[in-house]
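S.K.: Mind having a look at this structure? Questions to follow.
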């Protein structure tokens with residue numbers, strides 16, 4: 001890719017081994033039949049790159065260092081796509097970061113070695129480079145890589161590039177400067193089981209001027225900005241085949257909305273439709289949502 005891409009992505013880029021089970025989720029001491037299995041790009045940033053490419057958006061991505069087992073797969077998968085892999089750094093003599101996901105309908109269980117990786121004391125991700133970010137029109141930054149995630153955000157602020165992040169805490173700079181912060185239902189657990197979604201929204205909103213979105217799986221979404229009310233929007237009702245990558249697709253939808261100047265309600269509805277289409281198929285990387293089917297879903301269900 002010789003031209004400057006529209007979007008810069010920084011975060012988790014993995015090789016994902018996914019297993020779709022035939023008859024529901026795993027049960028103790030019970031045989032489970034595998035209906036389909038794949039080794040494809042994954043991670044919050046990898047999935048977002050795939051979805052944005054399908055929406056016609058050119059992307060440059062960086063983040064997780066890429067090992068010898070993952071790199072050939074990424075190169076082959078993105079060979080004919082608008083995804084620039086040039087910032088990725090190799091992990092010599094290491095197969096790379098991978099996860100394993102078992103899926104049964106609306107239930108999935110990811111497995112990996114991330115606790116060991118994060119506690120190793122080693123940095124297994126890149127340092128963002130200003131030259132990779134300059135000229136992009138929007139960005140998305142995963143919060144997992146500490147000082148490097150913050151550096152990516154600071155470079156975006158420096159160059160006035162709006163960015164989307166996910167699950168960034170209310171008291172973090174990543175949240176404060178984000179154009180959009182998408183908080184998943186799973187992330188709310190860090191605030192205590194008794195934390196009401198409405199109270200969490202107020203806490204998040206008062207710390208930033210940008211848009212905060214709280215998703216709740218199949219439940220309604222909450223969104224709003226500092227000084228304004230909290231709005232609600234129902235999720236789309238669709239048949240679920242796999243929820244793997246739904247949140248990453250929602251993030252990609254928010255980035256697309258930034259690029260196209262959508263207002264807050266339009267952003268939430270478009271991102272939700274992207275995620276809803278995504279969960280109707282498996283595997284997501286081979287069947288990412290396309291604009292016609294996203295708009296068809298939006299037209300078929302009232303907001």
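The values are calculated or read from the model by the stated rules, or taken from the named source; none is laboratory data. Owing to the predicted nature of the structure, the values given are computational and were not obtained by experimental measurement. Note that each Cβ is placed from the backbone with ideal geometry, even for glycine, and that neighbours are counted across all protein chains shown.
S.K.: Can you name every residue in the range 17-61 that is closer than 20 Å to residue 97 by Cβ, touching a residue at least 24 places away in the same chain (Cβ under 8 Å) and in a strand (DSSP E or B)?
M.R.: 17, 18, 19, 38, 39, 40, 41, 42, 59, 60, 61 - these are the residues of the range 17-61 that are closer than 20 Å to residue 97 by Cβ, touching a residue at least 24 places away in the same chain (Cβ under 8 Å) and in a strand (DSSP E or B).
S.K.: Is one or more of the residues making up the range 23-34 crowded, with 17+ Cβ neighbours inside 10 Å and either more than 22 Å from residue 142 (Cα to Cα) or modelled with pLDDT of 95 or more (or both)?
M.R.: No, there is no match, as no residue in the range 23-34 is crowded, with 17+ Cβ neighbours inside 10 Å and either more than 22 Å from residue 142 (Cα to Cα) or modelled with pLDDT of 95 or more (or both).
S.K.: Look at residue 204 and say whether it is free of Cβ contacts under 8 Å to residues at least 12 places away in the same chain and under 22 Å from residue 141 (Cα atoms).
M.R.: Judged against the criteria, residue 204 is not a match.
S.K.: Out of 149, 109, 119, which single residue is out of contact with any helix residue (DSSP H, G or I) (no Cβ under 7 Å at 6 or more places or on another chain) and over 30 Å from residue 241 (Cα atoms)?
M.R.: Testing whether each residue is out of contact with any helix residue (DSSP H, G or I) (no Cβ under 7 Å at 6 or more places or on another chain) and over 30 Å from residue 241 (Cα atoms) leaves just 119.
S.K.: Could you tell me whether the range 56-72 includes any residue that is surrounded by fewer than 24 Cβ atoms within 10 Å (Cβ to Cβ), out of contact with any strand residue (DSSP E or B) (no Cβ under 8 Å at 6 or more places or on another chain) and within 13 Å of residue 88 (Cα to Cα)?
M.R.: Checking the range 56-72: at least one residue is surrounded by fewer than 24 Cβ atoms within 10 Å (Cβ to Cβ), out of contact with any strand residue (DSSP E or B) (no Cβ under 8 Å at 6 or more places or on another chain) and within 13 Å of residue 88 (Cα to Cα).
S.K.: If we keep just the residues of the range 70-83 that are outside any loop (DSSP other than H, G, I, E, B) and within 18 Å of the chain's Cα centre (by Cα), which is farthest from residue 282 (Cα to Cα)?
M.R.: It comes out as 83.
S.K.: A follow-up question, please. Would you list the strands (runs of 3 or more DSSP E) that sit entirely within the range 199-294 and hold 1 or more residues that are within 15 Å of the chain's Cα centre (by Cα) and modelled with pLDDT of 95 or more?
M.R.: 211-214
S.K.: On to the next question. Which members of the range 3-16 meet the condition of being under 18 Å from the mean Cα position of the chain (by Cα) and not in a strand (DSSP E or B)?
M.R.: Within the range 3-16, 6, 12, 13 meet the criteria.
S.K.: Give 257, 252, 196, 235 a once-over and let me know the one that is in contact with a helix residue (DSSP H, G or I) (Cβ under 7 Å, 6 or more places away or on another chain) and surrounded by fewer than 20 Cβ atoms within 10 Å (Cβ to Cβ).
M.R.: 235
S.K.: Would it be correct to say that residue 87 is under 18 Å from the mean Cα position of the chain (by Cα) and farther than 29 Å from residue 37 by Cβ?
M.R.: Spelling it out, it is not the case that residue 87 is under 18 Å from the mean Cα position of the chain (by Cα) and farther than 29 Å from residue 37 by Cβ.
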